[in-house]
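Please read the structure below before turning to the comments.
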Amino acid sequence: MYTTDLSGKDKNAAVAGVAEDPALIAAFEARVAADEFIEPKDWMPEAYRKTLVRQMSQHAHSEIVGMLPEGNWITRAPNLRRKAILLAKVQDEAGHGLYLYSAAETLGTSRDEMTEALLSGKAKYSTIFNYPTLTWADIGAIGWLVDGAAIMNQVPLQRTSYGPYARAMVRICKEESFHQRQGYEIMMHLAAGTDAQKRMAQDALNRWWWPSLMMFGPPDDKSPNTEQSMRWRIKRDTNDELRQKFVDITVPQAEAIGLTVPDAALKWNEERGAYDFGEVDWEEFYAVVKGEGPVAKERMQARQKAWDEGAWVREAARVHAEKRAAAKLAAE
Amino acid sequence: MDALATYALRLGDDSLILGQRLGEWCGHAPALEVDLSLTNVALDQVGQATHFLGLAGAIENAGRDADALAFRRDVMDFTNCLLVEQPNGDFAQTIARQFLFSHYQALLFEQMARVKDERFAAIAAKALKEVSYHATLASDWVVRLGDGTEESKARMVAGLDWMWRFADELFVMDDVDAAAIAAGAGVDKSALRAEWDARIDAVLADATLARPASRRPVLGGRAGHHSEHLGHLLSDMQFLQRAYPDATW
């Protein structure tokens, strides 16, 4: 069950500070421009490798930390069907984390190294998971809005230039689209329910709307990595383009079930064929990125606790595997 | 509720409460693979609970479906065995519970898959595939932890020690069991004991662990007399249905 430890291997073909061969760079850029997939054994610029490890591990961490707000309602799911669906959904997220860590490991960074970077605060995860799940409606809102936003971000990644990442995304997108539908279905049910349920649903939309818009990242003019990532085909659409697309798709969905999007500036713009919407509170976004989200401490505490309390189990599995391997060798 | 409905209810309650306990691990397990496997077992148990509680409600024929039975009964009407409601404790304690219970469930469903009553036989046949995997998974962990490090061994011993007093209850027969057997739905659980002992002992030997000493069994779950833990589990599980009795979800 434990992956190969890659941490001791010579992971970087290029040593920092040593100039990379311009011919190799040119060949690489040409392949990417021609929409070819780059595979683990292919030569790649060190900066490309680093950007990918950052993005993929951040993505994997988001899946894992994202299990916590939803896991918060597994024991309290309101009926057996909802409980089974939620268990399956959170299990899917764990699976996504697993594929993504494995895909990132092909770039020479081990899962343990990535986990340690998360726990030390060096690696980031999606800001959205630093908001709390207060009522059952939050489970609906997460599926509908958060997974909905994730799909917008991820569908283009199925054509991202790094092969293992692109292939992981194909499977992940299929599951996310199911998650989005089940979340919307929860909201639909609540919005058509008792007054207390309607209130729960509207309150969840009020709290999750703006953080969902933040999931697309800072505005294009303040996104330092976008240009390079677009050129390398790691990213295929800008943050603002994806955010607009999300708003345009989601607003009619809210209207269809009688919920109100909490944005006084929201208005259909006939000329643009798109919604105009209010300014995201970027000060809040940057604060949450820095670790000041309402439940950031709880999330990190939970991950740290699981990691620390699981150490003896992982160690036992490792020692046991060694004992069995030695016994097998002795018997041969 | 008549004996046959009660029989289905007991089976459903065992699965429901164990599934609920395992669900508590989600997001907190020692490794991602373990998280996935525990959630998988939880999901199987919730599925079995849905089938058996649905069957109990259908036999009772008083308008209660699986959800009404799961979410609208209090402690003394729950009929699960005491083993499944035990707290997760550390990972070794969770594995000890799973190990003892899954081997019992596998033996039970092997027999139940062959009973005359097709409703019980069908659920058991489907569940048998699941619980056989659970038994293998738990056994593998008992061996890894028992024959791992000093610490893991000590924890595995402690986990088994916690759970062992609840094992005998699994095999106790009463009037409900007798009526279910007479109706062509039940299994003679007392007859499963020898094979259960053999399977448990074989795994413990492989794990370099001694079989825990026999002790006075703690009983009462089938009659609604539970440990202190179940009430807390129910207050968590049933919260929404209790707080919003007129809502559907």
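The values are calculated or read from the model by the stated rules, or taken from the named source; none is laboratory data. Bear in mind that the values here come from a model prediction, so they are computed numbers and not experimental data. Don't worry about glycine lacking a Cβ; one is built from the backbone with ideal geometry, like all the others, and counts go over all protein chains shown.
Can you spot a residue in region A:193-215 that is more than 19 Å from the chain's Cα centre (by Cα) and not in a helix (DSSP H, G or I)? Scanning region A:193-215, I find at least one residue that is more than 19 Å from the chain's Cα centre (by Cα) and not in a helix (DSSP H, G or I), so the answer is yes. The condition of being closer than 27 Å to A:W312 by Cα, within 14 Å of chain A (Cβ to nearest Cβ) and in a loop (DSSP other than H, G, I, E, B) holds for only one of B:G148, B:G159, that being B:G148. Considering the conditions (1) part of a helix (DSSP H, G or I); (2) touching a helix residue (DSSP H, G or I) at 6+ places or on another chain (Cβ under 7 Å); (3) at pLDDT 95 or above, A:G258 is excluded by exactly one of them, (1). Residues in region B:95-145 that are under 21 Å from B:L38 (Cβ atoms), buried (at least 18 other Cβ atoms within 10 Å of the Cβ) and of a type in the set (V, I, T): B:I95, B:V131, B:V142, B:V143.
Within region A:273-332, restricting attention to residues that are of a type in the set (V, I, T) and in contact (Cβ under 8 Å) with a residue 12 or more places away in the chain, the residue that is nearest to the other protein chains (Cβ to nearest Cβ) is A:V295. Being touching a Lys or Arg at 6+ places or on another chain (Cβ under 7 Å), in a loop (DSSP other than H, G, I, E, B) and not hydroxyl-bearing (S, T, Y): is that true of B:P87 here? No, not satisfied. Among the residues of region B:21-32, is any more than 10 Å from every other protein chain (Cβ to nearest Cβ), more than 16 Å from A:A306 (Cα to Cα) and either of a type in the set (V, I, T) or assigned to a helix (DSSP H, G or I) (or both)? No: zero hits. With the condition kept exactly as written, say whether any residue in region B:34-47 is out of contact with any Cys (no Cβ under 8 Å at 6 or more places or on another chain) and either away from chain A (no Cβ under 11 Å) or under 21 Å from B:D2 (Cβ atoms) (or both). No, the conditions are met nowhere in region B:34-47. Checked against (1) within 12 Å of the chain's Cα centre (by Cα); (2) more than 10 Å from chain B (Cβ to nearest Cβ); (3) not charged (D, E, K, R), A:A103 meets all criteria but (1).
Exactly one residue out of A:A325, A:A321, A:A306, A:A316 is among the small types (G, A, S), closer than 30 Å to A:E116 by Cα, within 25 Å of the chain's Cα centre (by Cα) and assigned to a helix (DSSP H, G or I), and it is A:A306. B:L69 passes every criterion in (1) over 22 Å from B:E130 (Cβ atoms); (2) more than 13 Å from the chain's Cα centre (by Cα) apart from (1).
Applying a threshold of 7 Å to beta carbon distances and a minimum spacing of six or more residues, or different chains, the list of pairs starting in region B:34-45 at a residue that is in contact (Cβ under 8 Å) with a residue 40 or more places away in the chain and ending at one that is of a type in the set (D, E, K, R) reads B:D44/B:E130. Would you point out the residue of region A:52-69, among those that are within 8 Å of chain B (Cβ to nearest Cβ) and touching a residue at least 40 places away in the same chain (Cβ under 8 Å), that is nearest to A:K122 (Cα to Cα)? It comes out as A:I64. Summed over region A:244-272, residues that are in contact (Cβ under 8 Å) with a residue 24 or more places away in the chain and either closer than 18 Å to A:V146 by Cα or surrounded by 13 or more Cβ atoms within 10 Å (Cβ to Cβ) (or both) total 16. Within region B:228-249, residues that are in contact (Cβ under 8 Å) with a residue 24 or more places away in the chain and at the interface with chain A (Cβ under 9 Å from one of its Cβ atoms) sit with their Cβ atoms under 7 Å from residues that are assigned to a helix (DSSP H, G or I) and crowded, with 17+ Cβ neighbours inside 10 Å, at 6+ positions apart or across chains, in these pairs: B:L233/B:I17; B:L233/B:Q20; B:L233/B:E85; B:M237/B:Q20; B:Q238/B:F71; B:Q241/B:F71.
Quick grid of which residues meet (1) among the hydroxyl-bearing types (S, T, Y); (2) over 15 Å from the mean Cα position of the chain (by Cα); (3) surrounded by 24 or more Cβ atoms within 10 Å (Cβ to Cβ):
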position	(1), (2), (3)
A:I128	no, no, no
A:D138	no, yes, yes
A:A150	no, no, yes
A:V155	no, no, no
A:Y162	yes, yes, yes
A:Y165	yes, no, yes
A:R181	no, yes, no
A:Y184	yes, yes, no
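Against the numbered list (1) in contact with a helix residue (DSSP H, G or I) (Cβ under 8 Å, 6 or more places away or on another chain); (2) under 26 Å from A:E36 (Cβ atoms), A:D240 comes up short only at (2). Of all residues in region A:77-99, those that are more than 7 Å from chain B (Cβ to nearest Cβ) have Cβ atoms under 6 Å from Cβ atoms of residues that are assigned to a helix (DSSP H, G or I) and among the β-branched types (V, I, T), 6 or more apart or on another chain, in A:H96/A:I172.
For region A:276-293, the tally of residues that are assigned to a loop (DSSP other than H, G, I, E, B) and loosely packed, with under 13 Cβ neighbours inside 10 Å stands at 1. With the condition kept exactly as written, say whether any residue in region A:110-124 is assigned to a loop (DSSP other than H, G, I, E, B), touching a helix residue (DSSP H, G or I) at 6+ places or on another chain (Cβ under 9 Å), under 19 Å from A:E175 (Cα atoms) and more than 9 Å from chain B (Cβ to nearest Cβ). For region A:110-124, residues assigned to a loop (DSSP other than H, G, I, E, B), touching a helix residue (DSSP H, G or I) at 6+ places or on another chain (Cβ under 9 Å), under 19 Å from A:E175 (Cα atoms) and more than 9 Å from chain B (Cβ to nearest Cβ): absent.
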